[in-house]
Each structure stands twice: as structure tokens, then as C-alpha cells.
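Working notes, structure below.
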Ligand SMILES: Cc1cc2nc3c(=O)[nH]c(=O)nc-3n(C[C@H](O)[C@H](O)[C@H](O)COP(=O)(O)OP(=O)(O)OC[C@H]3O[C@@H](n4cnc5c(N)ncnc54)[C@H](O)[C@@H]3O)c2cc1C
């Protein structure tokens, strides 16, 4: 009897372990592993230059694990799959679910098309602990408040059983060319990304190593340490999760089994709470797909945002004159990553001190972040701006100076990314513009020359933001 060929369509699940769709394909027959770089994946998985670099490396890692057998295509996913089914005689196609609205629309159409050809299609849960439709309020509507959502699903989460992977039987002679990852055009002509390679390990092995390192060294101090950007207390798993190089089920199961779970269970639970924030972002985008571009609170449609290209540029380049902001924006540029505490502070500064529309910030993050993720990025920008579902109140405005003194007290983070201020004593480091001229001179700092003067004053811009906010509230009343 001729062997069944099953296409495993990889998308944001670039791993072989704990991969339900891959296991379904293995059970069905000989596996043809396929990755298609289509318009949807370009806008969801790799929406910017940094994430495109990660995708190219992650695909290379997956291809290596698959013994060089990954079939790579560039084009419309429906057409590519149709052609592959014709060329290989595949009768089964398996994939893991994605939750962005454009991905759902694509997958629904492809499922219908393949089924009409008599091809069996299976889709699976692999990126979340709970599907967005699994946790609903008693009235059947989605939660709008994180704490209620979290309590419903995540507080007593036990270690999920991870099925052992069965070896993949690859299609040996698929009769189709493999294609080249390099030909997908993921990397730009100017090789700026060389600086990223020594800092990160994209792929499944890198994901497992990051989790292990975090459980061995970081999580025991997570609740407090996670707020300090110079302290190595966070997991740096966001890129790996975004590309599906590790599953949340694997993270929970491995964490529960690790000795730290007995010693410091509350720290581990605090970490799971952040995984729940990730899933709450997926949940919001699923239930409120317009949040990619529109304020979730309509009142903000009237907010008088300022268009100020020079301020935006200064913010993007880390030249605002506020050292913590500049350190964060330069960390982003140099590493493709930014610590969560600093993401909140720089976002608040853009929206509430520069009064620039959150969508400008979201766009820049999308371009520069290795973990750029439609759901998490939009949800967090809307959260900071105050226009999101369970958002920070608009009047809560992060003060970059007090945040800096509190969370980078000895200035280690600022000194790493703003080296021109390195010689300043701690007292002057957080606000060089308040330092005596003799202190600046002794540290070799000349404001306006070696380091910028602040581009705005905090107090009046804060006042202006609060007034603007009051005006949109009154207009609604
Ligand atoms: C303005 C802004 C934009 C952001 N944009 C993104 C983005 O594009 N992609 C992205 O993955 N995260 C985004 N975040 C959330 C968060 O900053 C990162 O997930 C986190 O810094 C990643 O570092 P980590 O893996 O070390 O986190 P850890 O502290 O180790 O947390 C573990 C995991 O939980 C998830 N997580 C943690 N905090 C959040 C959060 N606030 N929202 C959603 N998930 C969270 C991540 O998957 C993370 O890997 C954004 C936050 C802000 C304030």
C-alpha cells in the first residue's frame, strides 16, 4: 500500500518537540515539512527588520533539526499548498493555530479549499495554554479585566502532560525542490544584523537553554528582580515564544518539575502570571481584532495627539536628554530587546510627555523588536496609553527620573547604554541637566554637545497631557 504523505505546515511553531500538528502528521504518514513565507506571516511573525532576522535564523535551526528537509516557499499560502498537494499527492495537511485576524481568515479559507479537494486537514492548539474562546465570563462574553481572566484559568495551573515526541518519518523523495531560506529575502542588503548574532540563539535549542538558565539563576528572585533592568532576573523567552520555539506547556511543565518550584513557588507563579499577560494579549486581539489600529476606548479617538517629527526622532534614537529613556531606546537599537520596565517608561514618555500617538511608538517597536508581536505590542501600547481594555489609568504618568532612581539606582543600566555619561556620579546620572556645571565638567559632559539637553520639561508636558485627557472625558460626558 502506498504510504500517505502528510504536509506539516510550520508557521509560528518552529520546533519539533511538543508540536501537536507535527505529531498528527507523523501519525498520518511520511511527513513533508513546509514553511511558506506569505503576506500574512510577513505581517504577523516578522513584522519588522529585527524579527525578520530572528525568523531567518530560527528557520535555519529548524531545517538543521529536520536534517535539511524543510521545504521553503515564498508566495500565496493557498496556492503553494495547492501545488504541493498536486505535486506530492499529499492527502493530509496539519498545522497549529494562529490567532491574528488575518491568519484566521487565511486558514479558514485554506481549510475549505483543501477539504473540497478531499484532503484531510487538522489544526491544533500549540501556542497558548488556553484557547481564546475557552475562558469566557458566565454570560458568555470575553473578560475585559485581566485579574478576573487570570483567576479563571491560571492561578492553580498544574504541569501539563507533554506527550513524548515520536520520531519523524520524513518524505524521502518528495519530488519537489526544497527551496532556500536565504531566497525568502528576510535579510536586508545592509548587514546591520551582524551585531545581533553573538547575543541571541534563535531556535528550539536556544529556547530550551534560555528556560534552563532562567530556572537555574533568575526566577528565584523574579518578583522583585524583574523590575530592575540591570539585574538578570527575567527569562528573555519572548522571542522564543513568539516564534513557537518553545510551548507554554513546556515552560509550565519544566518549571513545575524544577527544584526551584519547591523552594520558591510564589516566584514561579509570578512568572506564570506574565505568561498569562501574553495570553490575555492574544485573547484581546482575538475578541477585539480592531485593536491593531483603533483605540479600544473610543473616547481616545478625540485625543489631540501632537505630530512632532523631531521629538519622535529624538525618542527613536535615544537622544531625549533623559538617561533612562535614552538607555532603553539604545538597548532596543543595539540588541533588538528592551527590558519590560523600561518599555513601560519609554512608552509613557512618548505618549504622555511628548503627546505623540501610541501608534507611532507601536510602529517603531514593531520594526525594532526581535519579539515584535501584534497582540502583545498593541495590547501593551494601549495599556500604557490608557486607551486599552484593562489599561493603566491615563493620569498615572511614569516619571522617568524617579523610575530611574528607583529601578536603576546605581546606574549600571544607564552606563551600559549611555556611555557618554559613564563618569557622572550616581547622584547626577539620572538627571544630568540638574547637575552642577563643575560636576558635568569633571565627568567630561557638555550638555547640548556630548549629551542632549532634555527635549521637553516633564512638569508642564504632564500637565498638558492631563488637561487633554480631561477634555476628552468632558466631551464624552
Ligand atoms: C509598550 C510595550 C510593548 C511591548 N511589546 C511586546 C511585543 O511586541 N512582544 C512581546 O512579546 N512582548 C511585548 N511587551 C511585553 C513585555 O515587555 C515583554 O514580553 C517582556 O519584556 C519580554 O521579556 P522576558 O521574556 O524576559 O519577560 P519575562 O518577564 O521573563 O516574562 C515571561 C514571558 O511572559 C510574557 N510577558 C511578560 N510581560 C508581558 C506583558 N506585559 N505583555 C504580554 N506578555 C508578557 C512574555 O511572553 C515573556 O517572555 C511589551 C511591553 C510594553 C510595555
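The values are calculated or read from the model by the stated rules, or taken from the named source; none is laboratory data. Since we're looking at a predicted model, the values are computed, not measured. Every residue, glycine among them, receives a Cβ derived from its backbone with ideal geometry; neighbour counts consider all protein chains shown.
The table that follows gives values for the structure above.
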read-out: For residue 278: the one exception among (1) surrounded by 18 or more Cβ atoms within 10 Å (Cβ to Cβ); (2) free of Cβ contacts under 8 Å to residues at least 12 places away in the same chain; value: (2)
read-out: Residue count for the stretch 6-42, restricted to those that are more than 23 Å from the chain's Cα centre (by Cα), surrounded by fewer than 21 Cβ atoms within 10 Å (Cβ to Cβ) and not in a helix (DSSP H, G or I); value: 2
read-out: The listed residue being within 15 Å of the ligand (Cβ to nearest atom) and either modelled with pLDDT of 95 or more or surrounded by fewer than 18 Cβ atoms within 10 Å (Cβ to Cβ) (or both), out of 339, 290, 311; value: 339
read-out: Hits in the stretch 236-263 - residues which are under 20 Å from residue 126 (Cα atoms) and part of a loop (DSSP other than H, G, I, E, B); value: 236, 237, 243, 244, 245, 246, 247
read-out: Number of the condition not met by residue 306 [criteria: (1) free of Cβ contacts under 8 Å to residues at least 60 places away in the same chain; (2) part of a helix (DSSP H, G or I)]; value: (2)
read-out: All helices (runs of 4 or more DSSP H) inside the stretch 43-139 with 3 or more residues being more than 26 Å from residue 376 (Cβ to Cβ) and not assigned by TED's automatic domain parsing to the domain that holds residue 26; value: none
read-out: Single condition residue 470 does not satisfy, out of (1) within 23 Å of residue 226 (Cβ to Cβ); (2) surrounded by 12 or more Cβ atoms within 10 Å (Cβ to Cβ); (3) without any contact (Cβ under 8 Å) to a residue 12 or more places away in the chain; value: (1)
read-out: Number of positions in the stretch 225-248 that are touching a residue at least 24 places away in the same chain (Cβ under 8 Å), more than 8 Å from the ligand (Cβ to nearest atom) and surrounded by fewer than 22 Cβ atoms within 10 Å (Cβ to Cβ); value: 3
